1. Quick one: what does P(r) look like for the chain with 20 Å bins over all Cα pairs, in whole %?
2. Report the label-to-label distance for Ser358 and Val430 in nanometres (one decimal), using points 7 Å from each Cα along the Cα→Cβ vector.
3. Taking amide H positions as placed in the peptide plane 1.01 Å from N, state which residues far from Ile112 in sequence (5 or more) or on other chains have amide H under 5 Å from it.
4. Rounding to the nearest 20 debye, state how big the charge dipole of the chain is about its Cα centre with +1 on each Lys and Arg Cβ and -1 on each Asp and Glu Cβ.
5. Can you give the calculated 222 nm mean residue ellipticity of the chain, where each DSSP H run of n ≥ 4 adds -39,500 (n - 2.57) and the sum is split over every residue, rounded to the nearest 500 deg cm²/dmol?
6. Provide the per-residue ³J(HN,Hα) series for segment 124-140, in order, calculated from phi with Karplus coefficients 6.51, -1.76, 1.60 and θ = phi - 60°, each as a whole number of Hz, with x at glycine and proline positions.
7. Could you put Trp164, Trp440 in order, starting from the residue whose Cβ has the fewest other Cβ atoms within 10 Å?
8. Please compute the alpha carbon radius of gyration of segment 146-244, then divide it by the globular-protein estimate 2.2 N^0.38 Å. Two decimals is fine.
Amino acid sequence: MQISPSFVILLLIGYRLPGSLTCTVDRSRSRCTCSFAALKNFQDLIDCLGAFVFEFRDGKFEDVSDIHLYYSNLQLVAPYLQLPIDKIILGNSVLDENFLRIFLDLTRNVNIRELVFEDCTFTGRADWQLMEGKVPKIVSLQFINVSSASLTDRGKDFSHISSWMARMKNIVLTRSQTTHIPHSISMHFKDLHALDLSENQLQDQGINDSFSDDLFQNLKSLKLRHNNLTSFDVACKALSKLPNLQDSDLSQNNFSKPPSSPCEWPQSIYLLNLSNTCLEHVNTHLLPPSIELLDLSDNKLSALDVPLPHLKEVYLPNNRLHSLPSSNNLPELKVLILDGNRITGLPKDQLQAFKHLSVLKADRNPYTCSCAVVNEMKELSKSSFVVQQWPEGYLCDSPSVYKGHQVKETDTVFECYKPLFIVIICAVIVLVCIVAAICWVRNRCFTQPRA
């Protein structure tokens, strides 16, 4: 006799244990949040069966008896979890590696898009040979602030799940003290599209070891933000081995030392984030000519004088620029972000030279409110492009009489036409003197007694 899903659910409801439930459901977001106890007592999960996001927190799965109890309960319910599940999050927990193996085994036919481990510690060592030939449907894994024993000698273990690893699309491994990715593990990620290794302990040698010629050949997005990288040459060499790379984030590393040789970027790359990397200069050896979006925020650049014919967006806030970049170098530019620099004026002719400009942001600069600067900047509101933070963010820095005033509200009529005003005033004074003299002479003539 075939047991229907509705019968199983009724059976679970009938055996629900008394007491407060361990799960809360946010139906507006189709999200269910549970304590880890719910995984040992699946009756508490009944209200969550329609959710698309599940979160389990604050528990331990180290004891063998706990794992077997979990196994028995999940065996009963797993076949009926056929709705697509966007994400399962396991947080703030201590997990035996066998827990992960059992979970993957029993849910391998469930449509789970993403599995997330956050603030977790892995213990023990699972027998991954039991997963040989079994391929879960999960294609995205996140490990955020996790710890485990070293994986350096685990290549043979993970070879048993190589079929699953080969179809993985997205891996996030952040805030986990990672120093490198062992070749014996990374070699199995044959179709990985996105890899995030941000906020780890990767150094130059680690990045060099993690990316060799035969690894990550289909990788499109690589994030290495906030590591301990200091050599741009080494980072560039690693990236040059990724022929399909499109998006790279190297921000919050220290590249203060100029590169010693030209960087051979993949021709496919179009987005590069080099913000907050202590850069003082950029040249044609540093930037890929194919780039379309470039973030150089929070550096020490005094100029951007590099021809980038395909660049559409450039972010340069909080640098040391004194003037606008040349439109000849950036013919396709659409977005220009320049706030927090040392620019004293925005020449109208230079802005108009950017034929495709649609967004300008240049607030928090020390504008010199001279006649010419004020007159040109007051025309910004009539521009064909959007001027962000106008007028409140555009303030005069000099002369001192206008310091702190909005450029738009600065009245410089007298300053602009000061010579003319002086001439007019002098002419009026002279004219008044002449008229007064004439009146005095005539009056004297009329009042003088006749002989």
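1. All Cα pairs, binned at 20 Å, distribute as 20, 35, 26, 11, 4, 3, 1, 0 percent.
2. If labels sit at Ser358 and Val430, their model points lie 5.8 nm apart.
3. HN-HN under 5 Å from Ile112: Ile85, Lys137, Ile138.
4. That gives a dipole near 1720 debye.
5. Computed ellipticity for the chain at 222 nm equals -6500 deg cm²/dmol.
6. x, 8, 7, 8, 6, 4, 5, 9, 4, x, 9, 10, x, 8, 5, 10, 9
7. Ordered from fewest to most neighbouring Cβ atoms within 10 Å, Trp164, Trp440 come out as Trp440, Trp164.
8. 1.02
Here, each number is a calculation from the coordinates, and none is a lab measurement. As the structure is a computational prediction, the values presented were derived from the model and not from experiment. Here Cβ is always computed from backbone atoms with ideal geometry, including for glycine, and neighbour counts include all displayed protein chains.
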